1. Could the peptides 261-271, 276-286, 78-88, 175-185 be put in order, highest first, of the mean number of other beta-carbon atoms found within 10 Å of their residues?
2. Per residue, what accessible area does the stretch 88-245 have, given a 1.4 Å probe and all protein chains present, in Å²?
3. Could you order the peptides 134-143, 164-173, 221-230 from most to least packed, using the average number of other C-beta atoms within 10 Å per residue?
4. Could you check how many percent of all C-alpha pairs in the stretch 158-282 are farther apart than 23 Å?
5. For the stretch 59-146, compute Rg over Rh where Rg is the Cα radius of gyration and Rh is the Kirkwood radius from the inverse mean 1/r over Cα pairs.
6. To two decimal places, what compactness ratio does the stretch 229-357 give when its Cα radius of gyration is scaled by 2.2 N^0.38 Å?
7. Just the number, please: carbon plus sulfur as a percent of the accessible area of the stretch 155-227, 1.4 Å probe, no ligands or DNA/RNA counted.
8. Rounded if a/c is under 1.5, else prolate if a/b is larger than b/c, else oblate: which is the stretch 91-132, with a ≥ b ≥ c the root eigenvalues of its Cα gyration tensor?
Amino acid sequence: GRRRRSRRRHPAWGRRSWGRWSPASGSFTTLIVERAKRKMTMTISVPSGRRRRTAQRASALVVVFWLLAVLTMAIFTSLQLVSSDVEMISSQKHEFRASQLCEMGIALAANPQVERYDPLLTQYNAATAEGFRAVIRGEGGRLGINHVLQRGEEGRLLLEALFVNWGLERDVADEIISCLIDWTDGDDLVTVGGAELDWYEEQGFFGYPFNRPFYDVEEMALVRGMDLVSQVRPDWRDFFTLYGSGRIDLAEANYDLLVSVGINPTDAENLVRERMGADEIELTEDDVQFGSVEEALALIPLSAGDPVLANFFTVNDGTVRIESTARVADYEKTVVMIIQNRESTPVILSREEYLRP
């Protein structure tokens with residue numbers, strides 16, 4: 001008979017996995033698909049030594065990644081520290097140089113031979129981006145609070161006009177003035193509307209008031225009611241001083257102070273414009289110098305009801321304020337010095353420094 005054609009079997013297949021095809025078992029294609037599925041699901045055995053070497057290589061790779069991360073963080077931290085040190089050193093250099101320039105400005109401005117409009121008081125070097133500007137102003141352009149409080153009823157009327165023009169109610173202004181008096185007098189008696197030891201202790205402030213004249217303008221902020229003044233006039237500190245004759249120098253007072261103490265706004269504007277001279281720029285060579293208080297008062301005629309106000313005016317107060325501001329790159333420093341008798345025998349009354357890095 002005819003010979004049967006033998007079929008090759010895959011070594012991985014057993015006899016049972018090959019089987020025989022018959023019409024009853026389905027199509028030949030179905031049989032091929034089933035065998036392919038069996039082949040795909042077969043487990044390929046890997047020698048244990050190779051698995052161990054693969055695991056070791058994977059562990060080594062993880063360690064390398066960790067080392068890289070640690071080194072990156074170390075380098076980044078080092079760079080941050082170096083950058084911080086460089087900035088600190090640069091800031092110190094700028095501060096030192098700014099201090100030198102401020103002292104140069106103070107030295108020039110304190111010299112009685114140097115006029116207020118002298119160009120030497122303003123110097124700037126564009127190549128190095130550094131310079132200074134020194135300004136000389138009379139301290140009489142501010143209100144001497146200690147002197148005013150010692151003037152009794154006249155001082156109270158002046159401060160009342162000041163606070164009311166700033167926007168406070170008259171009764172509130174009177175209470176604040178009483179508190180200022182209680183702070184500076186030498187007794188523990190409470191002025192009407194004022195505050196002494198008991199009130200401050202009830203508020204949790206022990207040791208107040210000091211019962212002596214103010215040693216610093218900032219000390220006024222501790223007085224009862226001055227928070228209300230700060231609400232209506234945040235820059236109230238710029239209107240007061242502890243030095244000078246205690247009177248308002250009409251050659252120095254600015255427009256805001258003149259109007260605040262009761263001068264007609266139009267008259268105050270005319271006075272300031274007259275002081276600046278023809279160019280209408282202050283601190284220039286053509287600035288007008290008043291020879292007497294009467295000459296200045298002629299520009300601001302006071303009504304017959306203002307004799308008290310006239311008693312608080314003067315001209316050419318002997319105390320000056322020198323403000324020397326130096327700038328080095330973006331660093332700025334200001335030195336403020338109060339000098340008495342600058343023209344003859346100078347006496348330093350106060351010195352303050354302000355930094356703005």
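The values are calculated or read from the model by the stated rules, or taken from the named source; none is laboratory data. Predicted model only: the values in this text are computed from it and were never measured. Cβ atoms come from the backbone with ideal geometry, glycine included; neighbour counts cover every protein chain shown. Only protein heavy atoms, including side chains, enter the accessible area calculation; ligands, DNA and RNA are left aside. Shrake-Rupley method; radii C 1.70, N 1.55, O 1.52, S 1.80 Å.
1. 175-185, 261-271, 276-286, 78-88
2. In whole numbers, the stretch 88-245 has 52 Å² accessible per residue.
3. With the highest mean Cβ count within 10 Å placed first, the list reads 134-143, 221-230, 164-173.
4. Everything past 23 Å amounts to 40 percent.
5. 1.44
6. This ratio for the stretch 229-357 stands at 1.20.
7. Looking at the stretch 155-227 in its full context, I get 52 percent from C and S.
8. It is oblate, given that a/c is not under 1.5 and a/b is not larger than b/c.
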